[in-house]
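Take a look at the structure set out below.
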Amino acid sequence: MDEPTFRTIIEPFRIHSVEPIRMTTAAERADRIAGASYNLFQLHADDVLIDLLTDSGTGAMSRDQWAAIQRGDESYAGSPSYFVFRDAVRDLFDFDHVIPVHQGRAAERILFSVLGGPGRVVPNNTHFDTTRANVEATGAEAVDLVIAEGRDPASHHPFKGNMDLDALDALLTARGADVPCVFVTITNNSGGGQPVSLENLRGVRELCDKLGKPLFLDACRFAENAWFIREREAGQGERDVVDIVRDIAALADGMTMSAKKDPMGNIGGWLALDDPDLAQECRNALILTEGFPTYGGLAGRDLEALAQGLKETVQHDYLRYRITSTAYLGEALQKAGIPVLSPIGGHAVYIDARALLPHLDPLQYPGQAVAVALYEIGGVRSCEIGTVMFGRRPDGTEAPAPMDLVRLAIPRRTYTQSHMDYVIEVCQRLAERAHRLPGYRIVEEPNALRHFTARFEPVH
Ligand SMILES: Cc1ncc(COP(=O)(O)O)c(C=O)c1O
């Protein structure tokens, strides 16, 4: 008999343990967000109904991950759990040195403390906020070289995360001596969760080889990126995602990793690389702040959970569900006439707040206005990825970011389709009142990563 096909792609799991959501009223929410100075990061999470602030560390672990936690060995040095973790990483990313860290930004800080410094320049398709901040904290310059389509919210390019190879070539030719390494972020989070093609990665590799520069991956969402390659890149459709991931890894010299994303951890990360001297310098830096190189700031049980998570994240049933359920939300918003970045990304749907609120100037933070309104209307917490996050330059001046987006990030295996149907309704209400939403001004901000702690005021 032919395999029957069905329109509905189900969650490929049953719910094993539940966490209650506390219902709130509109009046409560108005009070809470004012009390948080209109900064969504300052809310108490139990005042949030559906938390789409981030997909980082917020996923549900599996039964087998919880079981693996029981196997955690907490030896300070040489824990067996480290070797289980290292082998699981190497099974996908075959780098000689695998250095655990407590989360992705620790890997960034350590690597750039060795490779960065004044006068240096680091190209990336799009630096994530912590990556940019860690490059800049050393006095180096962070340059984003994503293709032009990657900056156009309406473009339908299948690999909008691709690096602009001509621009990279030009930078390497003009300033080769200042470039310590080239980075590619997969998927491109700040550019809308958009994938990078294998072909583009090969092109980046060739340019790196021309000048002898190491290529590093910021690989948080490598499995989602590999699934998009399987779905969209010529000749990849029949391949196992594991083989695609290995091909990606083989093109690079190293990686930084936040294991709070595709590896299904609630905490964790790693730095992996081939260069033994660089690895040694990084280990020395690691010991100073993170811990001994076989635990790097994590518990042995965390390392076990990540090793198991790495096996689960490359399963096709999981990835099909993951990418389809993100598209379910995005396509429903498109049908409702809400401008969203297309194609829909892997881990999140990005509302184009600049297009939705044309009455606001980017320096009145349209993304912040949408994010606050989503919370006030329905208790949905999202994240501004725009002028608040990227508008402040290292010299303290301010300029509009390339896009003003609001990210609805979907935690892995956490919410069901009815939660998403609720989010769709909240977004529809938002669209109805979009023309009336006020802009915001910042009344207090730190020098770096201001979006986490800045205080805002509505401008009526
Ligand atoms: C692309 C990218 N790089 C780096 C990071 C930093 O990772 P962490 O939050 O674990 O420090 C993130 C986190 O969201 C990310 O999305």
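The values are calculated or read from the model by the stated rules, or taken from the named source; none is laboratory data. What you see is a predicted model; the values in this text were computed from it and never measured. As a convention, Cβ positions derive from the backbone with ideal geometry for all residues, glycine included, and neighbour counts pool all protein chains shown.
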* Enumeration of residues in segment 233-291 that are within 21 Å of VAL184 (Cβ to Cβ) and small (Gly, Ala, Ser) -> ALA234, GLY235, ALA249, ALA250, ALA252, GLY254, SER258, ALA259, GLY269, ALA272, ALA279
* Structure fact -> Going through segment 252-282 in order, the residues found to be more than 13 Å from the ligand (Cβ to nearest atom) and surrounded by fewer than 18 Cβ atoms within 10 Å (Cβ to Cβ) are ASP274, ASP275, PRO276, ASP277, GLN280, GLU281
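Could you list, in sequence order, all residues of segment 224-240 that are assigned to a loop (DSSP other than H, G, I, E, B) and under 24 Å from ALA348 (Cα atoms)? Walk me through how you get there before you give the answer.
Filtering segment 224-240 for residues assigned to a loop (DSSP other than H, G, I, E, B) gives 233-240.
GLU233, GLN236, GLY237, ASP240, listed by residue number.
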* Just wondering, is there one or more residues in segment 211-220 that are in the same structural domain as THR256 (by TED's automatic domain parsing), in a helix (DSSP H, G or I), more than 16 Å from the ligand (Cβ to nearest atom) and hydrophobic (A, V, I, L, M, F, W, C)? -> yes
* Failed item, numbered, when TYR440 is tested on (1) over 23 Å from GLU331 (Cα atoms); (2) assigned to a helix (DSSP H, G or I) -> (2)
* Structure fact -> Checked against (1) modelled with pLDDT of 95 or more; (2) more than 23 Å from GLY297 (Cβ to Cβ); (3) loosely packed, with under 14 Cβ neighbours inside 10 Å; (4) not charged (D, E, K, R), ALA77 satisfies every condition except (2)
* If you scan segment 372-387, which residues turn out to be of a type in the set (A, V, I, L, M) and at pLDDT 95 or above? -> VAL372, ALA373, LEU374, ILE377, VAL380
* **Every pair of residues 6+ apart whose Cβ atoms lie under 7 Å, when the first sits in segment 46-68 and is without any contact (Cβ under 8 Å) to a residue 40 or more places away in the chain while the second is away from the ligand (no atom under 16 Å from the Cβ)** => ASP46/ARG22
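Taking segment 167-193 on its own, how many of its residues are more than 18 Å from PRO214 (Cα to Cα) and of a type outside the set (Ser, Thr, Tyr)?
Narrowing segment 167-193 to residues more than 18 Å from PRO214 (Cα to Cα): 187-193.
From the residues that got through so far, the ones that are of a type outside the set (Ser, Thr, Tyr) too are 188-189, 191-193.
Count: 5.
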* Which condition does GLY192 not pass, out of (1) at pLDDT 95 or above; (2) within 16 Å of the ligand (Cβ to nearest atom); (3) touching a Lys or Arg at 6+ places or on another chain (Cβ under 7 Å); (4) not polar (S, T, N, Q), if it passes all the others? -> (1)
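Please state which one of ARG109, ARG105, ARG132, ARG120 is of a type in the set (Lys, Arg) and away from the ligand (no atom under 16 Å from the Cβ).
On the way: ARG109 fails: away from the ligand (no atom under 16 Å from the Cβ); ARG105 fails: away from the ligand (no atom under 16 Å from the Cβ); ARG132 fails: away from the ligand (no atom under 16 Å from the Cβ).
The unique qualifying residue is ARG120.
Check ARG7, ARG14 and return the single one that is away from the ligand (no atom under 16 Å from the Cβ), more than 28 Å from the chain's Cα centre (by Cα), in a loop (DSSP other than H, G, I, E, B) and not assigned by TED's automatic domain parsing to the domain that holds GLY309. Reasoning before the result, please.
On the way: ARG14 fails: more than 28 Å from the chain's Cα centre (by Cα).
Unique residue meeting the criteria: ARG7.
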